[in-house]
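The values are calculated or read from the model by the stated rules, or taken from the named source; none is laboratory data. What you are looking at is a predicted structure, and each value in this text was computed from that prediction instead of being measured. Cβ placement follows ideal geometry from the backbone for every residue including glycine, while neighbour counts extend to all protein chains displayed. Accessible surface is based on the protein model in full, side chains and every heavy atom, while ligands, DNA and RNA are left aside. Shrake-Rupley method; radii C 1.70, N 1.55, O 1.52, S 1.80 Å.
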Number of protein chains: 2
Amino acid sequence: MNTVAKAGLAVVLVETRNPLNIGAVARAMSNFGFFELRLVRPYEPSFREAVSAVGAAPVMAAARVFDSVAEAVADCTFVAAATGLSHREPSQPAYRLERAGRLLRRHLQSARAAILFGSEKHGLGNEHLQFAQMLLHIPTRAEHESMNLAQAVAVTLYELIRQPAMARSSGAEAERAGSAALERATLLLEEVLQTAGHTDYGQETAATLKTHEFVRRLNLSARDAAILTGMLRQIRWKLKES
Amino acid sequence: MNTVAKAGLAVVLVETRNPLNIGAVARAMSNFGFFELRLVRPYEPSFREAVSAVGAAPVMAAARVFDSVAEAVADCTFVAAATGLSHREPSQPAYRLERAGRLLRRHLQSARAAILFGSEKHGLGNEHLQFAQMLLHIPTRAEHESMNLAQAVAVTLYELIRQPAMARSSGAEAERAGSAALERATLLLEEVLQTAGHTDYGQETAATLKTHEFVRRLNLSARDAAILTGMLRQIRWKLKES
(Lines give C-alpha, C1' and ligand atoms only; values in the text may rest on other atoms or scores of the structure.)
Protein backbone atom coordinates (compact mmCIF):
# COMPACT_ATOMS: atom_id res chain seq x y z
CA MET A 1 0.00 0.00 0.00
CA ASN A 2 2.15 2.85 -1.23
CA THR A 3 -0.21 5.76 -1.54
CA VAL A 4 -3.43 6.49 0.28
CA ALA A 5 -6.60 7.06 -1.77
CA LYS A 6 -6.97 10.65 -0.66
CA ALA A 7 -10.13 11.49 -2.59
CA GLY A 8 -12.13 9.02 -0.51
CA LEU A 9 -11.52 10.73 2.83
CA ALA A 10 -13.75 13.39 4.35
CA VAL A 11 -12.44 15.50 7.23
CA VAL A 12 -15.49 16.35 9.35
CA LEU A 13 -15.26 19.21 11.88
CA VAL A 14 -18.07 19.10 14.42
CA GLU A 15 -19.25 22.37 16.02
CA THR A 16 -15.96 24.16 15.54
CA ARG A 17 -16.00 27.45 17.41
CA ASN A 18 -13.14 29.48 15.93
CA PRO A 19 -13.29 30.18 12.17
CA LEU A 20 -9.51 30.60 12.15
CA ASN A 21 -9.22 26.97 13.13
CA ILE A 22 -11.33 25.96 10.14
CA GLY A 23 -8.97 27.88 7.90
CA ALA A 24 -5.95 26.27 9.55
CA VAL A 25 -7.48 22.82 9.04
CA ALA A 26 -8.12 23.63 5.36
CA ARG A 27 -4.48 24.60 4.95
CA ALA A 28 -3.23 21.35 6.50
CA MET A 29 -5.59 19.38 4.24
CA SER A 30 -4.33 21.20 1.16
CA ASN A 31 -0.70 20.67 2.23
CA PHE A 32 -1.23 16.91 2.38
CA GLY A 33 -3.57 16.66 -0.62
CA PHE A 34 -6.96 16.09 1.01
CA PHE A 35 -9.80 18.23 -0.34
CA GLU A 36 -13.05 17.03 1.18
CA LEU A 37 -13.86 19.28 4.15
CA ARG A 38 -17.25 18.98 5.88
CA LEU A 39 -18.53 21.13 8.71
CA VAL A 40 -21.28 20.18 11.12
CA ARG A 41 -22.94 23.25 12.67
CA PRO A 42 -19.90 25.58 12.72
CA TYR A 43 -20.26 28.21 15.46
CA GLU A 44 -19.78 31.04 12.96
CA PRO A 45 -21.93 30.36 9.89
CA SER A 46 -19.99 33.11 8.10
CA PHE A 47 -16.71 31.27 8.67
CA ARG A 48 -15.75 31.56 4.99
CA GLU A 49 -15.21 35.30 5.21
CA ALA A 50 -13.37 35.17 8.50
CA VAL A 51 -10.60 32.80 7.61
CA SER A 52 -7.18 33.35 6.19
CA ALA A 53 -6.31 29.86 5.08
CA VAL A 54 -3.02 30.48 3.28
CA GLY A 55 -3.10 28.64 -0.03
CA ALA A 56 -6.21 26.65 0.87
CA ALA A 57 -8.89 28.66 -0.92
CA PRO A 58 -10.05 25.68 -3.02
CA VAL A 59 -10.61 23.55 0.09
CA MET A 60 -12.50 26.38 1.82
CA ALA A 61 -14.65 27.12 -1.24
CA ALA A 62 -15.65 23.47 -1.60
CA ALA A 63 -16.34 22.95 2.12
CA ARG A 64 -19.89 21.76 2.79
CA VAL A 65 -22.00 22.51 5.86
CA PHE A 66 -24.30 19.92 7.46
CA ASP A 67 -26.87 20.01 10.23
CA SER A 68 -25.84 16.73 11.79
CA VAL A 69 -23.03 14.20 11.89
CA ALA A 70 -25.43 11.62 10.43
CA GLU A 71 -25.85 13.69 7.27
CA ALA A 72 -22.17 14.57 7.06
CA VAL A 73 -21.06 10.92 7.04
CA ALA A 74 -24.01 9.45 5.13
CA ASP A 75 -21.89 8.39 2.14
CA CYS A 76 -18.98 7.02 4.23
CA THR A 77 -18.86 3.32 5.07
CA PHE A 78 -16.16 3.76 7.70
CA VAL A 79 -16.05 6.54 10.30
CA ALA A 80 -13.24 7.23 12.76
CA ALA A 81 -13.54 9.71 15.63
CA ALA A 82 -10.53 11.59 16.99
CA THR A 83 -10.77 11.63 20.80
CA GLY A 84 -8.66 11.72 23.89
CA LEU A 85 -8.26 8.57 25.94
CA SER A 86 -9.09 9.83 29.37
CA HIS A 87 -12.72 10.67 29.80
CA ARG A 88 -15.01 7.96 28.56
CA GLU A 89 -15.44 4.25 28.15
CA PRO A 90 -16.06 3.72 24.50
CA SER A 91 -17.99 0.83 23.07
CA GLN A 92 -15.92 1.04 19.87
CA PRO A 93 -12.31 -0.11 19.61
CA ALA A 94 -9.87 2.73 20.35
CA TYR A 95 -6.54 2.75 18.54
CA ARG A 96 -3.45 4.88 18.57
CA LEU A 97 -3.01 6.92 15.41
CA GLU A 98 -0.32 4.61 14.01
CA ARG A 99 -2.76 1.71 13.87
CA ALA A 100 -5.89 3.72 13.14
CA GLY A 101 -4.11 5.25 10.16
CA ARG A 102 -3.29 1.84 8.81
CA LEU A 103 -6.92 0.72 9.09
CA LEU A 104 -8.12 3.91 7.43
CA ARG A 105 -5.67 3.54 4.54
CA ARG A 106 -6.81 -0.01 4.01
CA HIS A 107 -10.46 1.00 3.99
CA LEU A 108 -9.81 3.89 1.60
CA GLN A 109 -8.46 1.51 -1.00
CA SER A 110 -11.99 0.46 -1.84
CA ALA A 111 -14.48 2.81 -0.14
CA ARG A 112 -15.12 6.19 1.43
CA ALA A 113 -14.22 7.06 5.00
CA ALA A 114 -14.53 10.02 7.36
CA ILE A 115 -12.64 11.27 10.39
CA LEU A 116 -14.58 13.32 12.95
CA PHE A 117 -12.90 16.07 14.97
CA GLY A 118 -14.81 17.71 17.81
CA SER A 119 -15.03 21.28 19.01
CA GLU A 120 -12.02 23.03 20.53
CA LYS A 121 -13.58 23.10 23.99
CA HIS A 122 -15.56 19.92 24.34
CA GLY A 123 -14.29 17.51 21.72
CA LEU A 124 -16.82 14.94 20.53
CA GLY A 125 -19.84 13.93 22.62
CA ASN A 126 -21.46 10.53 22.80
CA GLU A 127 -24.14 11.80 20.41
CA HIS A 128 -21.36 12.15 17.78
CA LEU A 129 -19.34 9.08 18.72
CA GLN A 130 -22.26 6.77 18.00
CA PHE A 131 -21.57 7.26 14.27
CA ALA A 132 -17.97 6.04 14.54
CA GLN A 133 -16.76 2.47 14.07
CA MET A 134 -13.39 3.30 15.58
CA LEU A 135 -11.89 5.83 17.97
CA LEU A 136 -8.51 7.27 17.08
CA HIS A 137 -6.16 8.92 19.54
CA ILE A 138 -2.98 10.83 18.88
CA PRO A 139 -0.30 9.67 21.34
CA THR A 140 0.07 12.88 23.33
CA ARG A 141 1.18 13.01 26.99
CA ALA A 142 -1.48 12.04 29.52
CA GLU A 143 -0.63 15.25 31.45
CA HIS A 144 -1.33 17.45 28.42
CA GLU A 145 -3.50 15.47 26.09
CA SER A 146 -5.53 18.10 24.30
CA MET A 147 -4.13 19.32 21.02
CA ASN A 148 -4.90 22.38 18.95
CA LEU A 149 -7.58 21.32 16.46
CA ALA A 150 -5.71 22.08 13.23
CA GLN A 151 -2.50 20.55 14.63
CA ALA A 152 -4.44 17.37 15.41
CA VAL A 153 -5.76 17.28 11.84
CA ALA A 154 -2.27 17.93 10.42
CA VAL A 155 -0.72 15.10 12.46
CA THR A 156 -3.54 12.71 11.53
CA LEU A 157 -3.29 13.44 7.80
CA TYR A 158 0.49 13.14 7.96
CA GLU A 159 0.10 9.64 9.38
CA LEU A 160 -2.12 8.78 6.39
CA ILE A 161 0.33 10.01 3.72
CA ARG A 162 3.42 8.84 5.58
CA GLN A 163 5.53 6.28 3.70
CA PRO A 164 7.25 3.87 6.08
CA ALA A 165 9.75 2.80 3.43
CA MET A 166 11.10 6.35 3.36
CA ALA A 167 12.45 5.92 6.87
CA ARG A 168 14.82 3.20 5.79
CA SER A 169 16.85 4.89 3.10
CA SER A 170 16.82 7.85 0.76
CA GLY A 171 14.12 8.17 -1.87
CA ALA A 172 14.90 6.11 -4.96
CA GLU A 173 16.67 3.29 -3.16
CA ALA A 174 13.65 2.68 -1.00
CA GLU A 175 11.27 2.01 -3.86
CA ARG A 176 8.87 -0.72 -2.81
CA ALA A 177 8.50 -3.92 -4.77
CA GLY A 178 5.63 -3.90 -7.27
CA SER A 179 2.86 -6.48 -7.09
CA ALA A 180 4.30 -8.49 -10.01
CA ALA A 181 7.63 -8.85 -8.16
CA LEU A 182 5.83 -9.84 -4.96
CA GLU A 183 3.71 -12.35 -6.83
CA ARG A 184 6.83 -13.89 -8.39
CA ALA A 185 8.51 -14.19 -5.00
CA THR A 186 5.36 -15.67 -3.46
CA LEU A 187 4.91 -18.33 -6.16
CA LEU A 188 8.57 -19.31 -5.90
CA LEU A 189 8.33 -19.55 -2.12
CA GLU A 190 5.26 -21.75 -2.42
CA GLU A 191 6.96 -24.00 -4.92
CA VAL A 192 10.06 -24.32 -2.75
CA LEU A 193 8.02 -25.06 0.35
CA GLN A 194 5.94 -27.66 -1.42
CA THR A 195 9.02 -29.34 -2.85
CA ALA A 196 10.57 -29.35 0.60
CA GLY A 197 7.38 -30.88 2.01
CA HIS A 198 6.68 -28.07 4.43
CA THR A 199 3.62 -29.27 6.34
CA ASP A 200 1.85 -25.99 6.98
CA TYR A 201 2.34 -24.92 3.40
CA GLY A 202 0.88 -27.83 1.45
CA GLN A 203 -1.58 -27.63 -1.37
CA GLU A 204 -4.48 -26.12 0.50
CA THR A 205 -5.85 -22.69 -0.29
CA ALA A 206 -5.44 -21.59 3.33
CA ALA A 207 -1.73 -22.32 3.18
CA THR A 208 -1.38 -20.43 -0.09
CA LEU A 209 -3.13 -17.46 1.45
CA LYS A 210 -0.78 -17.62 4.42
CA THR A 211 2.25 -17.53 2.14
CA HIS A 212 0.84 -14.54 0.31
CA GLU A 213 0.22 -12.66 3.52
CA PHE A 214 3.63 -13.56 4.90
CA VAL A 215 5.43 -12.16 1.84
CA ARG A 216 3.31 -9.01 1.91
CA ARG A 217 4.02 -8.42 5.60
CA LEU A 218 7.73 -8.31 4.79
CA ASN A 219 7.05 -5.01 2.97
CA LEU A 220 10.00 -5.69 0.66
CA SER A 221 11.84 -3.03 -1.28
CA ALA A 222 12.23 -3.72 -5.01
CA ARG A 223 15.86 -4.64 -4.35
CA ASP A 224 15.10 -7.00 -1.49
CA ALA A 225 12.35 -8.68 -3.54
CA ALA A 226 14.97 -9.33 -6.23
CA ILE A 227 17.40 -10.70 -3.63
CA LEU A 228 14.74 -12.99 -2.19
CA THR A 229 13.71 -14.18 -5.66
CA GLY A 230 17.33 -14.96 -6.50
CA MET A 231 17.75 -16.97 -3.29
CA LEU A 232 14.57 -18.93 -3.91
CA ARG A 233 15.48 -19.72 -7.53
CA GLN A 234 18.79 -21.17 -6.39
CA ILE A 235 17.14 -23.22 -3.65
CA ARG A 236 14.52 -24.49 -6.10
CA TRP A 237 17.21 -25.50 -8.55
CA LYS A 238 19.11 -27.41 -5.87
CA LEU A 239 15.97 -29.11 -4.59
CA LYS A 240 14.94 -30.22 -8.08
CA GLU A 241 18.44 -31.37 -8.98
CA SER A 242 18.48 -33.89 -6.23
CA MET B 1 14.46 2.14 19.58
CA ASN B 2 11.12 2.44 21.31
CA THR B 3 11.22 5.85 22.92
CA VAL B 4 13.03 8.96 21.84
CA ALA B 5 15.30 10.80 24.28
CA LYS B 6 13.12 13.89 24.39
CA ALA B 7 15.17 15.93 26.83
CA GLY B 8 18.03 16.12 24.35
CA LEU B 9 16.08 17.94 21.64
CA ALA B 10 15.86 21.70 21.27
CA VAL B 11 13.16 23.20 19.03
CA VAL B 12 14.66 26.41 17.64
CA LEU B 13 12.36 29.03 16.08
CA VAL B 14 14.24 31.55 13.98
CA GLU B 15 12.84 35.08 13.58
CA THR B 16 9.24 34.05 14.20
CA ARG B 17 6.92 36.94 13.44
CA ASN B 18 3.63 36.04 15.11
CA PRO B 19 3.73 35.51 18.90
CA LEU B 20 0.60 33.34 18.60
CA ASN B 21 2.63 30.90 16.54
CA ILE B 22 5.21 30.67 19.32
CA GLY B 23 2.44 29.80 21.74
CA ALA B 24 1.03 27.21 19.33
CA VAL B 25 4.48 25.64 18.96
CA ALA B 26 4.87 25.52 22.76
CA ARG B 27 1.55 23.71 23.03
CA ALA B 28 2.55 21.09 20.41
CA MET B 29 5.86 20.57 22.24
CA SER B 30 4.08 20.09 25.54
CA ASN B 31 1.57 17.69 23.95
CA PHE B 32 4.39 15.46 22.74
CA GLY B 33 6.65 15.90 25.79
CA PHE B 34 9.40 18.20 24.46
CA PHE B 35 10.29 21.11 26.72
CA GLU B 36 13.35 22.85 25.29
CA LEU B 37 12.14 25.83 23.25
CA ARG B 38 14.68 28.34 21.92
CA LEU B 39 13.93 31.53 20.04
CA VAL B 40 16.34 33.38 17.79
CA ARG B 41 15.40 37.07 17.44
CA PRO B 42 11.63 36.74 17.76
CA TYR B 43 9.86 39.64 16.01
CA GLU B 44 7.94 40.54 19.18
CA PRO B 45 10.36 40.51 22.12
CA SER B 46 7.33 40.65 24.41
CA PHE B 47 5.98 37.40 22.95
CA ARG B 48 5.52 35.88 26.39
CA GLU B 49 2.67 38.23 27.27
CA ALA B 50 0.97 37.92 23.91
CA VAL B 51 0.54 34.21 23.71
CA SER B 52 -2.23 31.96 24.86
CA ALA B 53 -0.51 28.62 24.72
CA VAL B 54 -3.18 26.38 26.22
CA GLY B 55 -1.52 24.13 28.79
CA ALA B 56 1.99 25.03 27.70
CA ALA B 57 2.90 27.64 30.32
CA PRO B 58 5.95 25.66 31.54
CA VAL B 59 7.40 25.48 28.02
CA MET B 60 6.78 29.21 27.47
CA ALA B 61 8.27 30.19 30.82
CA ALA B 62 11.42 28.18 30.18
CA ALA B 63 11.86 29.39 26.58
CA ARG B 64 15.22 31.05 25.98
CA VAL B 65 15.98 33.88 23.57
CA PHE B 66 19.20 34.05 21.53
CA ASP B 67 20.77 36.60 19.22
CA SER B 68 21.94 34.12 16.65
CA VAL B 69 21.45 30.55 15.45
CA ALA B 70 25.09 29.87 16.32
CA GLU B 71 24.43 30.63 19.99
CA ALA B 72 21.10 28.80 20.03
CA VAL B 73 22.65 25.52 18.83
CA ALA B 74 26.05 25.85 20.52
CA ASP B 75 25.47 22.82 22.79
CA CYS B 76 23.94 20.60 20.06
CA THR B 77 26.14 18.19 18.13
CA PHE B 78 23.52 17.56 15.45
CA VAL B 79 21.33 20.20 13.83
CA ALA B 80 18.49 19.61 11.39
CA ALA B 81 16.79 22.41 9.45
CA ALA B 82 13.15 22.19 8.37
CA THR B 83 12.85 23.51 4.83
CA GLY B 84 10.85 23.14 1.67
CA LEU B 85 12.35 21.33 -1.27
CA SER B 86 11.77 23.83 -4.00
CA HIS B 87 13.95 26.85 -3.75
CA ARG B 88 17.56 26.02 -3.12
CA GLU B 89 20.32 23.59 -3.82
CA PRO B 90 21.55 22.51 -0.47
CA SER B 91 25.03 21.32 0.24
CA GLN B 92 23.71 19.16 3.08
CA PRO B 93 21.78 15.96 2.57
CA ALA B 94 18.01 16.57 2.46
CA TYR B 95 15.70 13.90 3.78
CA ARG B 96 11.99 13.39 4.04
CA LEU B 97 10.71 13.56 7.59
CA GLU B 98 10.34 9.78 7.89
CA ARG B 99 14.07 9.30 7.41
CA ALA B 100 15.20 12.52 9.09
CA GLY B 101 13.21 11.52 12.16
CA ARG B 102 14.97 8.19 12.29
CA LEU B 103 18.39 9.85 12.12
CA LEU B 104 17.41 12.36 14.81
CA ARG B 105 16.13 9.64 17.14
CA ARG B 106 19.36 7.74 16.68
CA HIS B 107 21.44 10.81 17.45
CA LEU B 108 19.36 11.69 20.51
CA GLN B 109 20.19 8.35 22.09
CA SER B 110 23.63 9.65 22.98
CA ALA B 111 23.77 13.41 22.37
CA ARG B 112 21.90 16.68 22.00
CA ALA B 113 20.23 17.78 18.78
CA ALA B 114 18.28 20.77 17.49
CA ILE B 115 15.70 21.34 14.79
CA LEU B 116 15.54 24.80 13.21
CA PHE B 117 12.26 26.23 11.94
CA GLY B 118 12.30 29.48 9.96
CA SER B 119 10.02 32.50 9.92
CA GLU B 120 6.45 32.22 8.66
CA LYS B 121 7.17 34.31 5.60
CA HIS B 122 10.69 33.48 4.54
CA GLY B 123 11.59 30.18 6.12
CA LEU B 124 15.29 29.67 6.78
CA GLY B 125 17.99 31.55 4.85
CA ASN B 126 21.40 30.27 3.84
CA GLU B 127 22.86 32.18 6.79
CA HIS B 128 20.85 29.83 9.07
CA LEU B 129 21.20 26.64 7.02
CA GLN B 130 24.98 26.71 7.33
CA PHE B 131 24.57 25.48 10.92
CA ALA B 132 22.63 22.39 9.89
CA GLN B 133 24.08 18.98 9.11
CA MET B 134 20.84 17.83 7.54
CA LEU B 135 17.79 19.34 5.88
CA LEU B 136 14.41 17.89 6.75
CA HIS B 137 11.29 18.26 4.67
CA ILE B 138 7.74 17.32 5.49
CA PRO B 139 6.20 15.51 2.49
CA THR B 140 3.62 18.11 1.54
CA ARG B 141 2.30 18.58 -2.02
CA ALA B 142 4.63 20.40 -4.41
CA GLU B 143 1.68 22.65 -5.34
CA HIS B 144 1.12 23.72 -1.71
CA GLU B 145 4.29 23.05 0.13
CA SER B 146 4.33 25.68 2.85
CA MET B 147 2.87 24.63 6.19
CA ASN B 148 1.70 26.65 9.14
CA LEU B 149 4.69 26.91 11.50
CA ALA B 150 3.15 25.25 14.54
CA GLN B 151 1.58 22.51 12.40
CA ALA B 152 5.00 21.78 10.92
CA VAL B 153 6.46 21.51 14.43
CA ALA B 154 3.58 19.26 15.56
CA VAL B 155 4.01 16.89 12.60
CA THR B 156 7.79 16.77 13.08
CA LEU B 157 7.56 16.00 16.80
CA TYR B 158 4.89 13.38 16.13
CA GLU B 159 7.30 11.61 13.76
CA LEU B 160 9.87 11.55 16.58
CA ILE B 161 7.54 10.01 19.18
CA ARG B 162 5.75 7.73 16.72
CA GLN B 163 6.03 4.02 17.47
CA PRO B 164 6.07 1.94 14.28
CA ALA B 165 5.18 -1.26 16.10
CA MET B 166 1.87 0.31 17.12
CA ALA B 167 0.76 0.33 13.47
CA ARG B 168 0.81 -3.41 13.13
CA SER B 169 -1.60 -4.47 15.80
CA SER B 170 -2.63 -3.59 19.28
CA GLY B 171 0.37 -3.44 21.58
CA ALA B 172 1.68 -6.84 22.56
CA GLU B 173 0.87 -8.75 19.36
CA ALA B 174 3.12 -6.55 17.28
CA GLU B 175 6.19 -7.43 19.24
CA ARG B 176 9.26 -7.40 17.03
CA ALA B 177 11.57 -10.36 16.80
CA GLY B 178 14.42 -10.28 19.31
CA SER B 179 18.04 -10.40 18.18
CA ALA B 180 18.40 -14.06 19.13
CA ALA B 181 15.48 -14.99 16.87
CA LEU B 182 16.90 -12.89 14.04
CA GLU B 183 20.31 -14.46 14.50
CA ARG B 184 18.78 -17.93 14.32
CA ALA B 185 16.93 -17.09 11.13
CA THR B 186 20.04 -15.53 9.60
CA LEU B 187 22.28 -18.53 10.37
CA LEU B 188 19.70 -20.91 8.95
CA LEU B 189 19.33 -18.81 5.81
CA GLU B 190 23.11 -18.79 5.34
CA GLU B 191 23.29 -22.53 5.79
CA VAL B 192 20.49 -23.13 3.29
CA LEU B 193 22.02 -20.78 0.74
CA GLN B 194 25.43 -22.38 1.09
CA THR B 195 23.98 -25.86 0.74
CA ALA B 196 22.07 -24.70 -2.33
CA GLY B 197 25.29 -23.26 -3.78
CA HIS B 198 23.98 -19.71 -3.99
CA THR B 199 26.84 -17.84 -5.66
CA ASP B 200 26.45 -14.44 -4.04
CA TYR B 201 26.12 -15.98 -0.62
CA GLY B 202 29.19 -18.17 -0.39
CA GLN B 203 31.63 -18.41 2.45
CA GLU B 204 32.99 -14.88 2.32
CA THR B 205 32.48 -12.40 5.12
CA ALA B 206 30.93 -9.89 2.75
CA ALA B 207 28.21 -12.35 1.78
CA THR B 208 27.54 -13.17 5.42
CA LEU B 209 27.18 -9.50 6.18
CA LYS B 210 24.77 -9.13 3.28
CA THR B 211 22.61 -11.94 4.61
CA HIS B 212 22.57 -10.33 8.04
CA GLU B 213 21.52 -6.99 6.62
CA PHE B 214 18.87 -8.58 4.42
CA VAL B 215 17.20 -10.33 7.35
CA ARG B 216 17.33 -7.16 9.46
CA ARG B 217 15.77 -5.08 6.70
CA LEU B 218 12.75 -7.39 6.77
CA ASN B 219 11.94 -5.94 10.20
CA LEU B 220 10.24 -9.20 11.18
CA SER B 221 7.67 -9.56 13.91
CA ALA B 222 8.39 -12.31 16.43
CA ARG B 223 5.71 -14.41 14.75
CA ASP B 224 7.05 -13.92 11.23
CA ALA B 225 10.58 -14.71 12.41
CA ALA B 226 9.23 -18.00 13.73
CA ILE B 227 7.42 -18.68 10.43
CA LEU B 228 10.58 -17.96 8.45
CA THR B 229 12.69 -20.14 10.74
CA GLY B 230 10.20 -22.99 10.31
CA MET B 231 10.32 -22.69 6.54
CA LEU B 232 14.11 -22.65 6.50
CA ARG B 233 14.39 -25.66 8.81
CA GLN B 234 12.19 -27.66 6.46
CA ILE B 235 14.15 -26.58 3.40
CA ARG B 236 17.45 -27.42 5.11
CA TRP B 237 16.16 -30.85 6.06
CA LYS B 238 15.09 -31.54 2.47
CA LEU B 239 18.36 -30.29 1.02
CA LYS B 240 20.44 -32.43 3.40
CA GLU B 241 18.26 -35.48 2.88
CA SER B 242 19.05 -35.58 -0.81
(request) Answer yes or no: is there a residue in the stretch A:28-39 that is farther than 30 Å from A:GLN163 by Cα, touching a helix residue (DSSP H, G or I) at 6+ places or on another chain (Cβ under 6 Å) and aromatic (Phe, Trp, Tyr). (result) no
(request) Report, ordered by the first and then the second residue, all pairs with beta carbons closer than 7 Å, sequence separation of six or more or different chains, a first member in the stretch B:144-155 that is at the interface with another protein chain (Cβ under 7 Å from one of its Cβ atoms) and within 9 Å of A:ALA28 (Cα to Cα), and a second member that is assigned to a helix (DSSP H, G or I) and open to solvent by 10 Å² or more (accessible area, probe 1.4 Å). (result) B:ASN148/A:ALA24; B:ASN148/A:ARG27
(request) Search the stretch A:113-123 for residues being out of contact with any helix residue (DSSP H, G or I) (no Cβ under 9 Å at 6 or more places or on another chain) and not in a strand (DSSP E or B), and hand back the single one that is farthest from A:GLU44 (Cα to Cα). (result) A:HIS122
(request) Would you please name the residue that is nearest to the other protein chains (Cβ to nearest Cβ), looking only at residues in the stretch B:5-40 that are more than 14 Å from B:GLU120 (Cβ to Cβ) and in a loop (DSSP other than H, G, I, E, B)? (result) B:GLY33
(message) Looking at (1) open to solvent by 10 Å² or more (accessible area, probe 1.4 Å); (2) within 19 Å of A:ALA152 (Cα to Cα), which one does A:ARG48 not meet, given that it meets all the others?
(response) (2)
(message) All but one of (1) small (Gly, Ala, Ser); (2) under 30 Å from A:ALA165 (Cα atoms); (3) open to solvent by 10 Å² or more (accessible area, probe 1.4 Å) hold for B:ALA61; state the number of the condition that does not hold.
(response) (2)
(message) Just to check your reading of the model, which residue among A:GLY101, A:GLY55 is at pLDDT 95 or above and either open to solvent by 30 Å² or more (accessible area, probe 1.4 Å) or of a type outside the set (Asp, Glu) (or both)?
(response) A:GLY101
(message) If I filter the stretch A:109-123 down to residues being among the small types (Gly, Ala, Ser) and exposed (fewer than 15 other Cβ atoms within 10 Å of the Cβ), which single residue comes out as nearest to A:GLY84 (Cα to Cα)?
(response) A:ALA111
(request) May I ask you to list the residues in the stretch B:212-231 that are assigned to a helix (DSSP H, G or I) and either at pLDDT below 85 or among the charged types (D, E, K, R) (or both)? (result) B:HIS212, B:GLU213, B:ARG216, B:ARG217, B:ALA222, B:ARG223, B:ASP224
(request) Quick one: in the stretch B:124-139, of everything that is more than 17 Å from the chain's Cα centre (by Cα) and surrounded by 22 or more Cβ atoms within 10 Å (Cβ to Cβ), which residue is nearest to B:LEU85 (Cα to Cα)? (result) B:LEU124
(request) Mind listing whichever residues of the stretch B:146-169 are in a loop (DSSP other than H, G, I, E, B) and closer than 13 Å to A:GLY101 by Cα? (result) B:ARG162, B:GLN163, B:PRO164, B:SER169
(message) Which of the numbered conditions does B:ALA81 fail, given that it passes all the others? Conditions: (1) exposed (fewer than 15 other Cβ atoms within 10 Å of the Cβ); (2) part of a strand (DSSP E or B).
(response) (1)
